[in-house]
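Each remark here refers to the structure printed beneath this line.
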Amino acid sequence: MTIREWKFEDILTLSQLEEQCFSNDRWSYRTFANCYENPAFYGIVAVDGDEIIGYAGITVASDSADIENILVAERYRRSGVGSKLVKELIKHARKKGASQIFLEVRVSNVPAMCMYLKYGFVGSYARTRYYSDGEDCLVMKLTL
Ligand SMILES: CC(C)(COP(=O)(O)OP(=O)(O)OC[C@H]1O[C@@H](n2cnc3c(N)ncnc32)[C@H](O)[C@@H]1OP(=O)(O)O)[C@@H](O)C(=O)NCCC(=O)NCCS
């Protein structure tokens, strides 16, 4: 499994993976394309052979960074792919001079929260009824 930067032609596959995984608030092809055009955005994919099995993205603005998304295809989960993606995003934020990284996670998303806790993120504050289905969001923060 290797990690590389997104290419424009990956976007269709990324939006299909997003569709398979999320029923609400998922990113559209257009959202991915907008990110691709944003110079502050860094998007990466995990690749197994020819297959994209995960992706993640981060925006760095001055000393603060935001993890925008991270996803691993269902059948590849729990084998360290998410960890590799997170570690690469943290490395990138550090290299770009960020001193803190934020992210938003659904309060019911135990796998993601456990992963972020493992890599040093801590709960910072909650946003009530943040998602379109009424679920709350936890904002997590990593101080670099
Ligand atoms: C969250 C996600 C990216 C994790 O990817 P992954 O490749 O399965 O993660 P890893 O195998 O690298 O696991 C890293 C750590 O995450 C935690 N973790 C992962 N899946 C877990 C689960 N089902 N239950 C509890 N902890 C879990 C564990 O702490 C794990 O470390 P360990 O293996 O030492 O126990 C994956 O579950 C996913 O794509 N979920 C759907 C998309 C999503 O929710 N994205 C996050 C939006 S904020």
Name the residue farthest towards the positive end of the dipole of the stretch 2-143 from the options 38, 117, 59, assuming +1 on Cβ of Lys and Arg, -1 on Cβ of Asp and Glu, about the Cα centre. 117
Which chymotrypsin sites (Phe, Trp or Tyr not before Pro) in the stretch 82-144 pass both tests, a DSSP loop state and at most 11 other beta-carbon atoms within 10 Å? none
State the Cα centre-to-centre distance between the stretch 13-56 and the stretch 123-144 in whole Å. 21
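Add -39500 (n - 2.57) for each DSSP H run of 4 or more in the chain, then divide by its residues: what number comes out at 222 nm, to the nearest 500 deg cm²/dmol?
So the helix-based figure for the chain works out to -9000 deg cm²/dmol.
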Convex hull over the Cα atoms of the chain, averaged projected area in nm²? 8.2
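Read-outs throughout are calculated quantities, based only on the coordinates presented, and are distinct from any laboratory measurement. As the structure is a computational prediction, the values presented were derived from the model and not from experiment. FYI the Cβ positions are ideal-geometry reconstructions off the backbone, even for glycines, and counts take in every protein chain you see.
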